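Quick notes on the structure that follows.
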Amino acid sequence: MKYKITLNNRVYEVEVEAGKAMLLDEYEAIAPSAPAAAAPVAAAPAAAAPAAAPAAAPVVTGAGESINAPMPGTIIKVNVTQGQTVKEGDVLCVLEAMKMENDIMAPKSGTITQVVTSKGASVSTGDALVVIG
């Protein structure tokens, strides 16, 4: 089967055959093809919106400094709870990204006013993990 995929205004023509994918052609998307490409692009975010809604559910309500994810990945461990006192350098949570475990440490001493993430959560760069007051 042949597919055309638009990513960052570049169109990729891909052929998939018996579990193998092979790039056939790559080219810049131009204005005349934009309306045809706009329908699939518009459909993809609409389909992804319900999946993104639960991820966006955690809202920072605690007072203090928000500690954000430095890269996309999966939270494999949360070491703190709301109300817990932490010292600068304490490991707040562990983020797995690209098969590596990254310790997310407290940049300052304080009290955890909110734990925004949870074990198993997928996070993007800049997503709030915890709030230190």
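The values are calculated or read from the model by the stated rules, or taken from the named source; none is laboratory data. These figures come from a predicted structure and were not determined experimentally. Positions of Cβ are generated from backbone atoms using ideal geometry, with glycine treated the same way; all protein chains shown enter the neighbour counts. All accessible areas refer to the heavy atoms of the entire protein, side chains included, with ligands and DNA or RNA removed. Shrake-Rupley method; radii C 1.70, N 1.55, O 1.52, S 1.80 Å.
Okay, here's what the table says:
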quantity	calculated
Answer residue from segment 91-103, given it is among the aliphatic types (A, V, I, L, M) and open to solvent by 70 Å² or more (accessible area, probe 1.4 Å) and is nearest to residue 132 (Cα to Cα) among those	100
Filter pass, residue 75 being surrounded by 20 or more Cβ atoms within 10 Å (Cβ to Cβ) and over 20 Å from residue 63 (Cβ atoms)	yes
Residue match in segment 29-48 (condition: assigned to a strand (DSSP E or B), of a type outside the set (A, V, I, L, M) and either open to solvent by less than 50 Å² (accessible area, probe 1.4 Å) or modelled with pLDDT under 90 (or both))	no
Selection count where residues are of a type outside the set (Ser, Thr, Tyr) and touching a strand residue (DSSP E or B) at 6+ places or on another chain (Cβ under 6 Å), scope segment 99-111	7
Check on residue 66, within 19 Å of the chain's Cα centre (by Cα) and either hydroxyl-bearing (Ser, Thr, Tyr) or at positive phi (or both)	yes
Top-ranked residue of segment 1-24 - restricted to ones that are modelled with pLDDT of 70 or more and assigned to a loop (DSSP other than H, G, I, E, B), ranked as least open to solvent (accessible area, probe 1.4 Å)	9
Segment 49-94, subset part of a loop (DSSP other than H, G, I, E, B) and β-branched (Val, Ile, Thr), residue modelled with the lowest pLDDT	60
Residue check, residue 112 under 20 Å from the mean Cα position of the chain (by Cα), modelled with pLDDT of 90 or more and hydrophobic (A, V, I, L, M, F, W, C)	no
Leading residue by the ranking (surrounded by the fewest Cβ atoms within 10 Å (Cβ to Cβ)) among those in segment 104-133 that are outside any strand (DSSP E or B) and β-branched (Val, Ile, Thr)	125
